[in-house]
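Every number here is computed from the coordinates shown, using simple stated rules; none is lab data. Every value quoted in this text rests on a predicted model; they were computed, and no experiment measured them. Positions of Cβ are generated from backbone atoms using ideal geometry, with glycine treated the same way; all protein chains shown enter the neighbour counts.
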Amino acid sequence: MKDLESYSLNLGKLAVQSLIEEAELTPKPGLVDKKSSGSHRDMSLNTMIRSAIALEDTFRVIAETSFNRTPSQELREEIAMIGRRGEQEMFLATGGVNTHKGAIWALGLLVSSAAMDLGKSPGKEVAVQAGRLALYKDRNLPAGNTNGSRVKARFGVDGARGEAEQGFPHIRQIALPVLEESRERGLKENFCRLNVLIALMAELNDTCIMHRGGAEALEITKAHAKEIVLAGGVSADKGWQLLEQLDQLLCSMNVSPGGSADLLAAAIFLDYLDQNAKSEFRRLEALKI
Ligand SMILES: CC(C)(COP(=O)(O)OP(=O)(O)OC[C@H]1O[C@@H](n2cnc3c(N)ncnc32)[C@H](O[C@H]2O[C@H](COP(=O)(O)OP(=O)(O)OP(=O)(O)O)[C@@H](O)[C@H]2O)[C@@H]1O)[C@@H](O)C(=O)NCCC(=O)NCCS
Ligand SMILES: Nc1ncnc2[nH]cnc12
């Protein structure tokens, strides 16, 4: 019992740490970071950090609720209720600013999935299982006209819900492999994570960009991010110059890749789970000798 309590506390802390590390990663185009508030007038790095810290209990309770369970209608609705309470905590901490709604959704499902099998599964499997949970319908979801739902109706994109229901393909097929390749190239962790963000921005249909800038802003963002990828990523001189230009471009269009930022935080979380599992494996191997 004590072990489960401390494990859920750890998962909650790890989710918050991932959010803070995403917020602090600098320089991120159009987003809040250590250097500026990007395209946002109503938030700062402080707001992001206050919001992340306020969410620890939400993630801890999601973990506690999910232990030794499997995806089901009942669990989906329990998690949704905790997640909605988390959104209220976020608004209380930020004075009504939407800092992390998309991240509560993605990380909430991933924390739940990780807790279901006590962290024994690799990150990619945790994401697939989180997708199975997301596929159950939340029958208590209040009818509401969100930015995402308007964008989806107008442009026919999948958005945050579709990403989760498909088992987070952009995390499994882009974010985690780019993180690994960048590390294999010997790049500093800051460059590795910025490469992940850019690779996500090159492919994701981010409803956060589309609700302010429409399909055109999304296409411009993707095309510019692809140029950075083709230039060899942010650690190449040309890639770095293009990254600085992309920041100016997004701020001038007044758009923010908040969905890509959420998926970066989610990838950092899954990567930590994988690293912890590897060090536990090495510890057990050492005991055998
Ligand atoms: C399923 C929900 C996520 C609701 O989805 P919906 O699309 O209806 O809602 P939105 O309110 O628009 O939130 C979606 C947020 O998800 C992020 N996102 C966007 N595209 C993608 C994508 N392709 N893949 C993954 N994630 C994506 C993004 O979040 C970031 O942007 C937020 C700021 O958004 P917003 O306020 O609209 O933008 P601003 O420009 O700042 O606004 P203005 O100043 O212009 O007004 C920020 O939070 C980032 O995180 C999207 O915005 C889900 O919320 C839901 O159903 N929840 C119910 C509870 C539940 O079931 N929980 C279970 C798990 S805990
Ligand atoms: N760093 C960031 N800046 C703005 N919106 C975000 N949503 C998630 N992370 C964000």
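At a Förster distance of 45 Å, what's the computed FRET efficiency of Lys34 paired with Thr70, Cβ-Cβ distance as r, to 0.05?
On the way: r = 41 Å, r/R0 = 0.91.
Plugging the Cβ-Cβ distance into 1/(1 + (r/R0)^6) gives 0.65.
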log₁₀ of I(q)/I(0) at q = 0.16, 0.21 Å⁻¹ - the stretch 1-80, Debye sum with one point per alpha carbon: -0.69, -0.89
Relative contact order for the stretch 7-122, counting Cα pairs under 8 Å that sit 6 or more residues apart, in percent: 29 percent
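Summing -39500 (n - 2.57) over the DSSP H runs of n ≥ 4 in the chain and dividing by its residue number, what mean residue ellipticity at 222 nm do you reach, to the nearest 500 deg cm²/dmol? Don't skip to the end; give the middle numbers.
Working: 13 runs with 206 residues, N = 289.
It lands at -23500 deg cm²/dmol.
Please give the contour-minus-distance gain from Ala223 to Glu203: 0.36 nm per residue of separation, less the Cα-Cα distance, rounded to one decimal in nm. Spell out each step's value before the answer.
Details: separation 20, 0.36 × 20 = 7.20 nm, distance 0.91 nm.
Result: 6.3 nm gained on full extension.
Based on the mean of other Cβ atoms within 10 Å per residue, sort peptides 96-109, 203-216 so the most packed one is first. Each step should come with its number before you reach the end.
Values: 96-109: 24.1, 203-216: 21.4.
Ranked from most to least packed, the peptides come out as 96-109, 203-216.
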Where labels lie 7 Å past Cα in the beta-carbon direction, separation of Glu184 and Glu244 in nm: 3.1 nm
Exceeding the 22 Å Cα-Cα cut-off - candidates Lys137/Lys222; Lys120/Lys278; Lys13/Lys124: Lys137/Lys222
Need one word for the stretch 122-209: rounded, prolate or oblate. Basis is the Cα gyration tensor (sqrt eigenvalues a ≥ b ≥ c); a/c below 1.5 gives rounded, then a/b vs b/c decides. oblate
Where a ≥ b ≥ c are root eigenvalues of the Cα gyration tensor, a/c under 1.5 meaning rounded, otherwise prolate if a/b exceeds b/c and oblate otherwise, the stretch 190-280 counts as oblate
On average, how much area does the Cα convex hull of the stretch 178-228 cover when viewed from any direction, in nm²? 3.6 nm²
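Quick check of the Kirkwood formula: for the stretch 52-101, what is the inverse mean of 1/r over all pairs of different Cα atoms, in Å? Intermediate values should be presented prior to the final figure.
Details: mean 1/r = 0.0875 Å⁻¹.
The Cα-based Kirkwood calculation yields 11.4 Å.
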State the percent of C-alpha pairs, over all pairs in the chain, separated by a distance greater than 28 angstrom. 34 percent
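What order, most packed first, do the peptides 72-80, 268-276 have when packing is the mean number of other Cβ atoms within 10 Å of each residue?
Details: 72-80: 16.7, 268-276: 19.8.
So the order, starting with the most tightly packed, is 268-276, 72-80.
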Using a Gaussian network for the chain with springs between C-alpha atoms less than 10 Å apart, which of these wobbles most: Ala277, Ala54, Ala265? Ala277
How large is the charge dipole for the chain, taken about the Cα centre, if only the Cβ atoms of Lys, Arg (+1) and Asp, Glu (-1) carry charge, to the nearest 20 debye? 180 debye
Label model pair Ala236, Ala277: point-to-point distance (7 angstrom along the Cα→beta-carbon line) in nm is 3.3 nm
Tell me, what is the FRET efficiency for Arg139 and Ser44 to the nearest 0.05, using R0 = 35 angstrom and their Cβ-Cβ distance as r? 0.40
Average the reciprocal distances over every distinct pair of alpha-carbons in the stretch 18-136, invert the result, and give the Kirkwood radius in Å. 14.9 Å
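Mind sorting Val178, Val157 by how few other Cβ atoms lie within 10 Å of their own Cβ, fewest first? Don't skip to the answer; put the middle values down first.
Working: Val178 21, Val157 17.
Ordered from fewest to most neighbouring Cβ atoms within 10 Å, Val178, Val157 come out as Val157, Val178.
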Which of Ser256, Ser112, Ser182 ends up with the largest GNM mean-square fluctuation for the chain, with Cα atoms connected below 10 Å? Ser182
Size of electric dipole in the stretch 200-276: Cβ of Lys, Arg +1 and of Asp, Glu -1, about Cα centre, debye, nearest 20: 140 debye
Dipole magnitude of the stretch 142-197 about its Cα centre (Cβ charges: Lys, Arg +1; Asp, Glu -1), debye to nearest 20: 240 debye
Pop a pseudo-label 7 angstrom from the Cα along the beta-carbon direction at both Lys13 and Ser252 and give the gap in nm to one decimal. 4.6 nm
Would you work out which of Gly156, Gly86, Ala202 lies farthest towards the positive end of the dipole of the chain, given +1 charges on the beta-carbon of Lys and Arg and -1 on that of Asp and Glu, about the Cα centre? Gly156
Using a Gaussian network model of the chain whose springs link C-alpha atoms within less than 10 Å, name the residue from Phe191, Phe155, Phe91 with the highest mean-square fluctuation. Phe155
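Quick check: residue separation of Arg150 and Glu77 times 0.36 nm, minus the Cα distance between them. What number comes out in nm? Before the final figure, lay out the partial values.
Values: separation 73, 0.36 × 73 = 26.28 nm, distance 2.36 nm.
Additional length available on full extension: 23.9 nm.
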